[in-house]
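Below: the structure, in structure tokens.
The values are calculated or read from the model by the stated rules, or taken from the named source; none is laboratory data. Only a predicted model underlies this, so the values are computations on that prediction, with no experimental measurement involved. Here the Cβ positions follow ideal geometry from the backbone for every residue, glycine too, while neighbour counts run over all protein chains shown. When the accessible area is computed, the model is the full protein with side chains, heavy atoms only, and any ligands, DNA or RNA have been set aside. Shrake-Rupley method; radii C 1.70, N 1.55, O 1.52, S 1.80 Å.
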Amino acid sequence: RRVHGGAVVGVCYDQGVLLAADTVGSFGSLAKLKHVSRVHKINDMVAVGFSGDLADGDCLLNELQNMVIDDSVLDDGTELSPRAVFCWLTRVLHHRRNKLDPFYNQFIVAGFDKKANKPFMGCVNLLGYSWEESIIATGMGLHFALPYMRSQQEAKSGVPFTFEEAQTVLTKSMACLYARDCRGWPQYQVVKVDGAGVVKSDVQYSRVAFKESADYIEGRNS
Amino acid sequence: NAEYMGGHTRLSEGYSILSRDVERIQSIGKNCVIGQAGFHGDNQFLYKVLQTRAKIFEFDHGQALDCHSTASLLSNLLYSRRFFPILSYCLVAGVEQDSQGQWKGRVYGYDVVGSFESRPCEATGEAGTLMLPLLDNQVEFKNLGPNAERVPLTRERAVGLIQDVLQAATERDIMTGDFGQIVLIDKDGVQQRRIPLRRD
């Protein structure tokens, strides 16, 4: 048993990407750490969120942050692009999988590709495979959030979400995860990545109306 | 004088769909494509290595890798990991000029450790066993009765056949679906098209 984080949910919209993750570090079924930050800004173009083992995730995050420091020390005007971070993470995770000693995480890399002027989002998992998509959810989010996000996306018939729509989708996904995932948590953080840069929000709260539930469900008020 | 390769674009993990839009057929050089089934992580890794080796070859020799050389290279790459295999079921397809200067299409099928063979048609992956009998029957005219019509394979018929075969696989295999990626390779290069497949 190790401390691990739950789902990370990411939604691309026309101008950027939103990533959200709750702030609990679970130790099995114990909510051990309540203010864990699992979504992080890397540089002005890239943010990452991770689920799974918090120690492994922090280790890789530290490496990424060191790479950003190296970039700023070199001071040559180039930064790590979203794809570069994505590729690096894939290679590292795949390499460790080949050594049969994985980093036990699923990472979502969210960025705004300034050259292509398009948002970018990709997911890498502990087995070392990666995929790019405009809606991604890791962990329990795959079962709870992703179907909802897909139905919203398909209702738009190929048109990307607007920022407000993406926010709604994300908020509802996080609320669903809190309501349905045993290891869920009502507090979460959102990172917004767009052409202007990366903005991390304060802790937000899922508003779930349990009053509408059956009489015999009791204990949680929000 | 042309080759067609078809693949699907669904990435699944167990019973979940991770992505509906993952392209499995990618090009190496001008007249050659590689389609990969199996473990997606190893597929990506193998493609990167293969692409890098192809670039190095171009820089060293001043010409692009042709189809049989790519096939041979891939075989060696796969065998180099004989005792920790790259779980990638590859197909290499392309056109190359023979000694008379005629362009001929070729398909090479592989196993995970690199044994390969050039065949008139090949199918690989989870649904490969579903598609291969149909291809044997329509491309190589195997298992046809003496009076059955043997329709020669033109380009249009080949595209139709690949579409039918992908649809058939989608109907029966849970991991296949979403979009079919159909790639035509001829002496002028590679063209791609997509067809919708069942999304269930």
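Beta carbons closer than 8 Å, at least 6 apart along the sequence or on distinct chains, pair a first residue in the stretch B:25-47 that is free of Cβ contacts under 8 Å to residues at least 12 places away in the same chain with a second that is assigned to a strand (DSSP E or B) for B:Gly41/A:Ser130; B:Gln44/A:Ser130.
Taking first residues from the stretch A:139-151 that are more than 11 Å from chain B (Cβ to nearest Cβ) and partners that are among the β-branched types (Val, Ile, Thr) and assigned to a helix (DSSP H, G or I), the Cβ contacts under 7 Å between residues at least 6 apart in sequence or on separate chains come to A:Met149/A:Val169. Just one of the numbered conditions (1) within 11 Å of another protein chain (Cβ to nearest Cβ); (2) surrounded by fewer than 18 Cβ atoms within 10 Å (Cβ to Cβ) is not true of A:Tyr129: (2). Among the residues of the stretch B:187-198, just one is under 17 Å from B:Arg20 (Cβ atoms), open to solvent by 40 Å² or more (accessible area, probe 1.4 Å) and in a loop (DSSP other than H, G, I, E, B), namely B:Arg198. You will find that of A:Val109, A:Val92, the residue that is open to solvent by less than 20 Å² (accessible area, probe 1.4 Å) and β-branched (Val, Ile, Thr) is A:Val109 and no other. Within the stretch A:84-111, being within 13 Å of chain B (Cβ to nearest Cβ) and touching a residue at least 60 places away in the same chain (Cβ under 8 Å) holds for A:Gln106, A:Ile108. For the stretch B:85-99, residues that are over 11 Å from the mean Cα position of the chain (by Cα), among the hydrophobic types (A, V, I, L, M, F, W, C) and assigned to a strand (DSSP E or B) total 1. Listed by position, the strands (runs of 3 or more DSSP E) contained in the stretch A:95-188 that have at least 1 residues being touching an Asp or Glu at 6+ places or on another chain (Cβ under 9 Å) are A:105-113, A:118-124, A:130-132. Taking the criterion of being at the interface with chain A (Cβ under 8 Å from one of its Cβ atoms), touching a helix residue (DSSP H, G or I) at 6+ places or on another chain (Cβ under 7 Å) and surrounded by fewer than 19 Cβ atoms within 10 Å (Cβ to Cβ), the only residue of the stretch B:1-60 that qualifies is B:Ser16.
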